[in-house]
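Working notes for the structure below.
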Amino acid sequence: MAPIETLPLPEDPTLAAYAAALNETGHWATVFDAQWRVVFVTDELRLSFGEVDSAIQRVGEHWFGPAELSRRKAMAFVLGDWMETVQRAFRRHGPFILFDTPGGRDELRRVVDPALVDLLDEIEPVEAPPVWRGVDYDLKSAGSGADTRTLFMRVHDRAGRFIGTIFLSKPRPGMSQLATATALADLDHLDRMTLVDRPDRRPAAVLMADLEASSPLARRVATAQYFAFGRRLVRTADQCIVDHGGIVGRHAGDGVVAFFLAETAVSESAAARACIETARALRAAIVAVADRSGLEQSDVSLRFGLHWGATLYVGRITTAGRSEVTALGDEVNEAARIEACATGGRTIASKVLVERLNNTDAKALEIDPDHTSYTPLADLATATDKARRDAPAIAVCDVQPGRTRPRRQPTS
């Protein structure tokens, strides 16, 4: 995820210290001065709201002012009447805000949204407690609403003078659930998944892998043993993909799919290299997976198909039960055809992928794109009927170390 520019810290040194600490530790937080004007919003809150460029305009605005409410409406996920939600919050916090406002009701009438002016006659000023729970709301996230919990804390300086309020919010799940999710997730991978929240065309290398003869193996060994093996295989595959900067795609049975975006790998060559390195790393790691699962190495042969998609349409699909990245495009189907032809535990890559490699990356992989011999997919002895029908002319080669065949050099 691209970094954003942090807002200037508040002028008051105590509020500035709170703002800096909350920002550095990744909290969702808004800092108000003593008159309930916004003086700081943390980076994480701005990123979650998708409010990166315009957040600077919020500084100095009253929390219940028209401009601030307009921005919050765009950030919130509200199925009913938005203003009813605002009025409920104002009834909750209004007495505290009125108590803190120099000039009382007249001043507050001047700064709050016109839809709240009549409510001022219903409330009386009350000094706020040191800490209190706010009105919960839903935050827009992944096209839906993420339930949040809110908290307010009063801030005083060293002399005991009230100087402001801190508004903290967090997702509804408890810390035990959040900690579990964090422990299992790779933060860099989450950033890459966030990048494709909005579907778009993105050049990328595609990796597809599948376990050969998985059905006979599943019938031969105990169900519990095969399940343990499958779980280890998926975890190992995902770790190899994540370690090489890829995005894990959809799992189907024993199949593995991964995407290596040019924009996150810095270049098309780097993306192609990462794709090939991931296949090699997974091939090496499967030996240990087989051993831990009580299987022979010959039982766990993986076939790999690697391809380049210049115009892949990549995006993230999030539901109540899962979140995954997928891609559409002819190249995805072609990668599947290549993978199906890679029987015998081979790693077959398309010419368009290999020729994305620059000299440095090709040398690191011990591949010579300038002198490599390719074979049309339909001419492979292992070509499937679907490959001959859908992608017969795609030129491919085996990119396992020592397998890439050099083309005979012309003599002068």
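The values are calculated or read from the model by the stated rules, or taken from the named source; none is laboratory data. Small disclaimer: the values here were computed from a predicted structure and weren't measured. Virtual Cβ from ideal backbone geometry, glycine too; neighbours counted across all protein chains shown. These area figures cover heavy atoms from the full protein model, side chains too; ligands, DNA and RNA do not enter into them. Shrake-Rupley method; radii C 1.70, N 1.55, O 1.52, S 1.80 Å.
Annotations
- Surface composition of the chain: carbon and sulfur atoms hold 51% of the protein heavy-atom accessible area at a 1.4 Å probe.
- Accessible area expressed per residue, the chain, with surrounding protein chains retained (probe 1.4 Å, Å²): 51 Å²
- 15 Å beta-carbon shell around R161, net charge (K/R +1, D/E -1): -4
- Note on K363 and R133: the model spin-label points, each 7 Å out from Cα along the C-beta direction, lie 6.4 nm apart.
- Rg/Rh for the range 211-356, where both radii come from Cα atoms and Rh is the Kirkwood radius: 0.97
- Label of the coordinate-derived value, semi-axes √(5λ) of the Cα gyration tensor in Å, listed as (1) 48, 31, 21; (2) 57, 22, 19; (3) 37, 23, 20: (2)
- Per-residue ellipticity at 222 nm computed for the chain from its helices equals -11500 deg cm²/dmol, with DSSP H segments shorter than 4 residues left out and the rest contributing -39,500 (n - 2.57).
- Amide H within-cut-off set for T372, under 5 Å, with H built and near neighbours excluded: R407
- Here the gap between R109 and D197, fully extended at 0.36 nm per residue and compared with their Cα-Cα distance, gives a gain of 27.6 nm.
- Averaging 1/r over each pair of different alpha-carbon atoms in the range 108-244 and inverting the result gives 21.5 Å, the Kirkwood hydrodynamic radius.
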